[in-house]
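Only the coordinates and a few stated rules stand behind these numbers; no lab work does. Bear in mind the structure is a predicted one, so any value in this text is a computation, not a measurement. Cβ placement follows ideal geometry from the backbone for every residue including glycine, while neighbour counts extend to all protein chains displayed.
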Amino acid sequence: MIAGKKKLCYVEVSDFTNIQGVGNDPMYKRYNSVYAIVKQHIDEPYHSFLAEPEYSAEDDRVYWYTEEWGYDLAPIKITDLDPEARQMAERKLTNIVNHYKQAIASLSGETKRILESAIKFVNVDFVYCIGDRLVLAVWGMEPDIHRHNATGVIMHELDLTEYHTIVFDPGKHGALINKFDAKVKRRKGGKLTSKDLPKIKAQEGFELEGWNPDPIGVLVNEDLTFVARYREIEKPKCNVCFVAGENCTITGTDTLQVERGTILSEDQIPQVTAREGFEFTGWDRDPHEAIDEDTTFHAVCRESTSHTCHIRFISDGNCELMGPLDFDIPQGGFISSEQIPDIQCNPGYRFAGWSADITAAVTGDMQIYAKCEALEEDNIHVNFDAGDYGTMEGTSSYLLPRGSKLLNSQVPQVKPYSGYKFVGWDINPLESALDNDITFQAVYKERRPWWKGLWPLSWGCLWKFLLFLLLLLLFLYLLSLLRGCDGSVLSPGDVENGPALVDIGDSTSDQFRDNPGFADDGQIGDVPSTPIDEPDLGEDVDPGNGDSEYHVGILPADPSIPPIDNPDNPQGPQIIPNIINVFFTDDNANLNAFAKDFRSIYPDTQKYKLDYDDLVKRVSIMMPVEEREAMKREIERRLGEKYSFFIVDEYAIQQNAAVVKRTSEADAGWHLLAVNAPKAWTITIGNPEITVAVVDDGFDTTHDALKDKIVSPYNVYTKSRELTNGSGHGTHTAGLAVGLVREDGKAGGLAPGCKLMPVQVFDGETSSLSAEISGIAYAIHNGADVVNISMGCSYAGYRDVPAEEQLEIAKQKGKVEELLWKRVFRMAQERKTILVFSAGNDNVVSYLNPQNRHDSLIIVTAVDKNLNKSIFNNDGAGSNYGLGSKVAAPGSEIYSTVPVNDYAMMQGTSMAAPIVTGVVALLKSINPDITGGEAIDILKRSGRRLSDSSLGPLVQADRALALLQSGSLPGDGDSDSGIGSGGDDRSGGDDRSGGDRGSGNENDWGSDPANRDDGHSGGGDTAKDYSDIFRQIAEHQRAIVDLIKKLPPEEQEKYK
């Protein structure tokens, strides 16, 4: 027992999980430590919110106590209150929890952790209402849902005294002042007194007369109900009259009689219509004030000084207009962007503009026609002529838009006849602007046989000389074969003979640790030079502590200001309310000048802070939350004419993955087999000249699988190469893209021969849209060939919205963000960089997210081991799908690298994306000039059809490489995907395992070779066979290293 307190309930410890602790003890044994913090940092009215626990070791129970309550009160669970009282109690509970959270935000260290853990699990089923206070009866622990489905099973209430429920019904002419008095508990055997009666507020015209029956002196032996009784009070009446006057007319009742003190409702006030040329401006006195005497209201109508204009948009018959077509706006106003309809041109036409200037002020009624032009006038004919000395393979003629440029893949291959050499085209096709019809002529050079230079020799001598050379070449060839038998099978990192391997070694950690790491072998890339010099900010601007932030990096989010729902899209991603981003449309925008002009409006450098990124022409502004909307309007009004820009909210960014809570390595490496990685590695493991950037949360730069391949690491928050381990997400994705392959084949990147550029865009667990964009821009400008982005905004709020409605929403929302991502893609396209994004884990249409809307961005969905859409938890989270999705890859229970020098399973589209990134890096290794659109085409054509077509085809690495090399897909005998040469699964090709791998049957990556489709009739190689091969390669590598060590130092250098 606890002195001075009463027992509320008890729980069995075994019924709970995630029990929080203080030091080495569970929190329920250290209440005094918790309460000391509560008394110091929480307001006094909320000190008793947390019930006091008492642990009983005898029965392994925790009994919960609270302050004693009076005889006239009884604890009632919030869930037992009537709906209205429960709603009030839950609002009060929300206020209490928010108060605790605000206090936590101001704390640090162990004090913060203890108080944070105490309210980590606030379950409304455990909250009692005792009079006007709330008590959380069970805290610091979470019910084990695997043992019980209902909290009533695990929280045992104590029936120490028998109570009855007393209901006070206020009736229809009044209301309880305190709604908690509607239903109270009283001890059995007690008598009701006047103190038990609730206070009533009677309606106007009535007064409380008493209760039916009379409660005073009633003995409580059962549940009782008392109903309030009222009597009506007569009130004097007032006459009300409304007068229109000569310039207006009234619709509705113009005279009425009301009780004195009445406030007129909107229905009682008549509508006023002004005559033409006049406008109604209101009544001569306020009709919403209380009527205390006979009153007459006169309508006030003044001569109108402006009128509205009617706008109508009309199609010219060659397009369809979608959106508002007829509407009115005030004279002198402007047509907003939301009022301009979308245009869908008919085939063969393009939109050429409107018949009137829609950006000018409106001075009268307007009919605006959409003008569409036929495309044929803007097309030109492009021809390739092989000439008389060769033939061409590929398309020899095109009809292309005027002014466009040819792609490398559009130029046909020339095969010269014997005796001739093809030396090029008379005009370079790749550098020519196609302004008119043009024909490119093949140019040849005659090959003169080398032996014609030996004409002075007789034919007999020449024959003997040729025979001698042939024998010499044969001898040299045999000698090279003998030299190759010295055991030199595979050197580490060899990009032609097989994948680079890493020894598993000893794991140094079983959990992630956020230790700072430095990529000692890498150098920081080209960080954008600071475009804003302090003197340029103006003489009246103090660059000091305020604008010095302008030189640091991304503005860090304030932990005391949590993200909020976007008012313009409440179901969409949350925004950081005290930051906005200004993106300039001019690539030569002067950020110095903009900063100086901004400071002339907002000179307080402490209140308003700036950050920039010159690569993407962005200035971010931090301001008080309440000034956000006003500042957006003010910047557009004051600076919009001088600078061309658009404002984008600072969206909160999350990772698209979660840790899988199991340690078993069963099925580890299934993703490598699912995309036919071993077969692809016989073609290439990646060129070390190809760099893959991974934009993520942090990286273990000391990991054996990554440390030797790092170049140009970067942290956008610190503008340095100092990286932290983060949550392990970044290390995991990096390992899937380019990590060295483990010798047991259970983990490895798809392109282990390529380099890694790690770019950190998370500050702890926090990231934002500006950080993501800056990280991508850094990677593009510092030579990344492929960039992996496994992060994005959350659109889970649309999960229950039908897919068709999601598409309609996507067409209307996120247009400014869509424009921003088009600029990012253009930047990547100019530098031949391919961007790969994870589709997201919200189980919604991918197209909802503006970053997934560009045709040439590779958006990756996720599948599980049965090749069905990945579902990641019981809350409905799963891979996004549908419009915007390009291809699919494994995303469930994926085994890869994590800090510190360890491996673990994670799942999400975050894991699927780097698998595809690795395949694209292999494609780049063969053809560095391949574009994003060409890569998508190859991945789709070579991919495997899934039963859920909304995910896109499953990537098949070997077939993609074969298609890039030869221009055609491999035949049945060469395919690891079970797709025949006559077409892929999309044409109905059969699966060698006797069923469709995308059908949802048991996966065929298991141990039974008869059920696994690995492209060889009769069962083929199993997962164990691959492991044997990996082990043999590793043994040969170690033997080679031992042999090299026996050589002299100068000879060892040759093998490094």
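Brief remarks follow.
- Averaging 1/r over every pair of different alpha carbons in the stretch 813-954 and inverting the result gives a Kirkwood radius of 15.5 Å.
- Each peptide in 5-18, 414-427, 763-776 receives the mean, over its residues, of other Cβ atoms within 10 Å, and ordering these scores from highest gives 763-776, 5-18, 414-427.
- Proximal lysines to K183, defined as alpha-carbon separation beneath 23 angstrom and excluding residues fewer than eight positions away on the same chain: K6, K7, K77, K92, K172, K191, K195, K199, K201
- Two-site label geometry, I926 and K7: point separation in nm, points 7 Å out along Cα→Cβ: 7.6 nm
- Förster radius 60 Å - calculated FRET efficiency between N32 and R941, Cβ distance, rounded to 0.05: 0.30
- Per-residue extension of 0.36 nm, minus the Cα-Cα distance of D43 and S560, leaves a gain of 184.3 nm for this segment.
- Protection proxy ranking, peptides 682-694, 616-628, 777-789, average beta carbon neighbours within 10 Å, highest first: 777-789, 682-694, 616-628
- Overall shape of the stretch 163-232 was characterised from the C-alpha gyration tensor. The equivalent ellipsoid obtained from it has semi-axes of 23, 12, 9 Å, in decreasing order.
- Calculated FRET value between Y420 and H381, using beta carbons and R₀ = 41 Å, to 0.05: 0.90
- Inter-label distance, nm, simple model (7 Å from Cα along the C-beta direction), D604/E804: 5.2 nm
- Orientation-averaged projected area, Cα convex hull of the stretch 343-438 (nm²): 8.8 nm²
- For trypsin sites (Lys or Arg not before Pro), the sites in the stretch 32-141 that DSSP calls loop and that have at most 15 other Cβ atoms within 10 Å are K120.
- Using C-alpha pairs under 8 Å with a sequence gap of at least 6, the mean separation divided by the residue count of the stretch 288-355 gives a relative contact order of 28 percent.
- Note on the stretch 190-230: Cα Rg divided by 2.2 N^0.38 Å, N the number of residues, gives 1.27.
- Paramagnetic reach from Q331 in the stretch 271-305 [backbone N under 17 Å; point 7 Å along Cα→Cβ]: 275-280, 302-305
- Gain upon complete extension [H99, D365; 0.36 nm per residue less C-alpha separation]: 90.2 nm
- Here the stretch 273-374 is described by how far its Cα atoms reach on the three principal axes: 74, 24, 19 Å, from widest to narrowest.
- Entry note: the stretch 237-303 has Rg to Rh equal to 0.99, where both radii use alpha-carbon atoms and Rh is the Kirkwood radius.
- At q = 0.14, 0.17, 0.20 Å⁻¹, base-10 log of I(q)/I(0) for the stretch 5-157 (Debye sum, equal scatterers on each alpha carbon): -0.68, -1.03, -1.42
- Inter-label distance, D59 to E629: 5.7 nm, where each label sits 7 Å from its Cα along the C-beta direction.
- Out-of-range pairs (alpha-carbon distance over 31 Å; input K679/K707; K755/K811; K679/K755): K755/K811
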